[in-house]
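Peer 1: Sharing a structure, written as structure tokens. Questions coming.
Values quoted throughout were computed directly from the atomic coordinates according to the rules given, and no laboratory measurement underlies them. Here the structure is a predicted model, which means the values were calculated and not measured. Cβ coordinates were reconstructed from backbone atoms using ideal geometry, including for glycine residues, and neighbour counts include every protein chain displayed.
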Amino acid sequence: MPNSFKTFASQFLSLIKRHKVLTSVLALLCLAFAGFGAYIGFVQIVVLLIPIALIAWILLSRRLRSGKPHDRSESIAIGSYIALATVLTFALIQAVPYGRAHSNGSIVGPTNEPAWKDAEGAAPGTTRDLMVRACYGCHSNEVQYPSYANVAPISWMVQSHVDEGRDEVNYSEIKNYSRQEKIGRESIEVIQEGSMPPSYYTRFGLHPEAKLTDQEKQDLINGLAATFGVSASSEEYDED
Ligand code: HEC
């Protein structure tokens with residue numbers, strides 16, 4: 001083992017021993033951060049802990065070298081280094097280009113969309129309306145990026161949801177897909193299961209328009225079934 005790593009490890013361990021309470025608080029904060037990431041559907045946010053820890057460690061090792069006392073002032077210093085490292089990290093990540101372009105594919109409007117059909121008895125345009133409200137925030141070229149999507153790491157979260165969503169299915173370019181029926185069946189299935197829109201999409205009172213009533217869900221399912229020429233009942237899809 002290289003010496004510098006040994007020094008680091010022993011310094012780190014004795015720090016943990018000296019500051020048990022602070023260590024537990026920090027461990028809990030890290031867990032809460034990861035939990036929050038999972039809650040908003042973006043657990044990747046935990047990578048930010050790496051630069052935070054790195055910057056805090058650089059600041060702290062300067063203090064350790066200077067031979068300052070290992071007393072209460074040390075835990076206060078650690079706390080402030082971590083706070084400073086957090087602020088610095090959040091400032092620095094604003095320079096990351098990912099998620100800033102708010103891209104929308106060039107093909108918009110009905111040209112390459114499915115030929116939407118409405119459920120029997122539903123008002124004309126209902127199917128497309130409901131799709132726009134509940135699904136187009138991620139599965140289309142007409143994504144309305146909210147203003148909080150300008151700030152990293154939230155901008156990364158929004159972009160990754162949109163990228164992943166479009167990868168699965170982009171209803172603005174549906175005519176490019178070879179297996180239309182499969183898309184129709186899957187779309188119905190995810191609505192029936194309640195897995196789409198993802199629960200994180202409507203948390204914190206966001207996107208209230210995407211919360212469909214039972215009637216609207218039924219209209220959407222029937223509309224999709226008519227559009228894609230598939231059955232509105234998911235029981236028939238078991239073998240797929
Ligand atoms: C917040 C963004 C978002 C919204 C809004 C959203 N989706 Fe998705 N969708 C995703 C992501 C991300 C994936 C891929 C990962 C996954 O399956 O969770 C996905 C996957 C899918 C899939 C393919 C995967 C599967 O399970 O079969 C379908 C079909 C789908 N979505 C349909 C819809 C429909 C229909 C709506 C509207 C009722 C909708 N989505 C709303 C983000 C979204």
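Peer 1: Can you give me the Cα centroid spacing of segment 163-240 and segment 1-42 in angstrom?
Peer 2: 42
Peer 1: Hey, how many Å between the Cα centroid of segment 88-123 and the Cα centroid of segment 62-87?
Peer 2: 45
Peer 1: Nothing charged except the Cβ atoms of Lys and Arg (+1) and of Asp and Glu (-1): what's the magnitude of the dipole of the chain about its Cα centre? Round to the nearest 20 debye.
Peer 2: Dipole size: approximately 2420 debye.
Peer 1: Between L206 and F8, what is the label-point separation in nm under the 7 Å Cα-to-beta-carbon projection?
Peer 2: Between F8 and L206, the label points sit 3.4 nm apart.
Peer 1: Still on this structure, I have one more. Please list, in order along segment 186-192, the HN-Hα scalar couplings obtained from phi with the Karplus expression 6.51 cos²θ - 1.76 cosθ + 1.60 (θ = phi - 60°), rounded to whole Hz, x for Gly and Pro.
Peer 2: 5, 4, 5, 4, 5, 6, 4
Peer 1: By the scheme Lys and Arg +1, Asp and Glu -1, what is the net charge of all other residues having a beta-carbon under 11 Å from that of Y81?
Peer 2: +1
Peer 1: Let me have the 222 nm mean residue ellipticity of the chain computed from DSSP H runs of 4+ only, each contributing -39500 (n - 2.57), with the sum over all residues rounded to the nearest 500.
Peer 2: -17500 deg cm²/dmol
Peer 1: Extension gain E181-T213, at 0.36 nm per residue separation less the Cα-Cα distance, in nm?
Peer 2: Full-extension gain reported as 9.0 nm.
Peer 1: In addition: With θ taken as phi - 60° and the coefficients 6.51, -1.76 and 1.60, list the Karplus ³J(HN,Hα) couplings across segment 135-141 in order, rounded to whole Hz; mark glycine and proline as x.
Peer 2: Whole-Hz 3J(HN,Hα) from phi for segment 135-141: 10, 5, x, 9, 10, 7, 9.
Peer 1: Still on this model: Show me, for segment 104-118, the HN-Hα J-couplings you get by feeding each phi into the Karplus relation (A = 6.51, B = -1.76, C = 1.60, θ = phi - 60°), rounded to Hz, glycine and proline as x.
Peer 2: 9, x, 6, 8, 10, x, x, 3, 10, 7, x, 7, 4, 10, 9
Peer 1: What net charge do the residues around G223 carry, taking every other residue with its C-beta under 11 Å from that of G223, with Lys and Arg at +1 and Asp and Glu at -1?
Peer 2: Summing Lys/Arg as +1 and Asp/Glu as -1 gives -2.
Peer 1: Cut-off 14 Å, label point 7 angstrom out along Cα-to-Cβ of S231: give me the residues of segment 177-211 whose amide nitrogen falls inside.
Peer 2: Hits in segment 177-211 for S231 at 14 Å: 185-186, 189.
Peer 1: Net charge near Y148: determine it from the other residues with C-beta under 14 Å of the C-beta of Y148, scoring Lys and Arg +1 and Asp and Glu -1.
Peer 2: With Lys, Arg at +1 and Asp, Glu at -1, the net is +2.
Peer 1: Another question, if that's okay. What distance in nm lies between label points placed 7 Å from Cα along the C-beta direction at F90 and S160?
Peer 2: For the pair F90/S160, the computed spacing is 1.8 nm.
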